[in-house]
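Bear in mind these aren't lab numbers, they're just calculated from the coordinates by the rules spelled out. Since we're looking at a predicted model, the values are computed, not measured. Neighbour counts run over all protein chains shown; Cβ positions are idealised from the backbone, glycine included.
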Amino acid sequence: MHATLFWIIGAGLAGGAVSVLLAATVAYSLLSGWVPRMVSYSAGVLLGVAFLGLLPEAFEKSTDAHSLFGIVLAGILAFFLLEKVALWRHRHEHDDRGTRKPSGILILVGDAFHNFVDGVLIAAAFLTDIRLGITTTLAIMAHEIPQELGDFVVLLKAGYGRGRALWLNLAVSLMSVAGGIVGYFLLEGAQSMVQYALLLAASCFIYIAVADLIPDMHRQNSARDIGWQIGLMTIGIGTVWMVESLLH
């Protein structure tokens, strides 16, 4: 049993770190002029992960649609209030390090929920079979890379430097280890938590895409900009759809 726990912790550490580092390599290799356009890709990825990945997984665990949608709605309202508090605090404090948007904090919160769920899933797979645990970890890594790329773009857009964005993402990736440990010791209880964590992560990603990224896209209204936005947003959604299709 102890060997299984080591496998779970190792898979959580390796999976999270590799996904973040690969996404950072792609994000930081982009020219700075591409960052505004990649906002469209990020919006597509976040919406794709929410509607094609997180919500379907949550709905597989329950048939009570009204309660599930109520949790998503409550989550969106909660993140709206959280952003309001962050904005109010920002207006009453002076930060010499520069201006940062609350969307950066929100994306980290949503990613933390998502990574925790991934850790629980990894634990469940390893407790079933080591080989299943390894393949599940590889699948989660493939699923995480496009989302982490979107997260980096959101953090850069929110005013975080490249180094700080990298370290924050690496720190948040440790939530997969926490989820794995919880899943190992309290699997039954953790399984009941998975559904709610999925719904909260989905509501966070939907809120960021709709309330922050898409309004920012509306500031660019030339035919060329609109074409890029539609194309990159579609590619972002398509990336998630392709990964989800391959993994299922």
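Quick notes
- Here the peptides 69-82, 13-26 are ranked by packing, the mean other Cβ count within 10 Å, and the order with the highest first is 13-26, 69-82.
- Sequence of ILE107, ILE230 once ranked by neighbouring C-beta atoms within 10 Å, starting from the fewest: ILE230, ILE107
- Charges were assigned to the Cβ only: +1 to each Lys and Arg, -1 to each Asp and Glu. The resulting dipole of the chain about its Cα centre is roughly 700 debye.
- Relative to the longest principal axis of the Cα atoms of the chain, the long axis of helix 223-247 lies at roughly 0 degrees.
- The ranking of GLU60, GLU244, GLU144 from fewest to most other beta carbons within 10 Å of each one's beta carbon is GLU60, GLU244, GLU144.
- Furthest towards positive pole of dipole, LEU47, MET233, LEU132, structure part the chain, Cβ charges: MET233
- Acute angle (nearest 10 degrees) that the helix 2-29 long axis makes with the longest principal axis of the chain, alpha-carbon atoms: 20
- Whether the stretch 205-248 is rounded, prolate or oblate, judged on the alpha carbon gyration tensor where a/c under 1.5 counts as rounded: oblate
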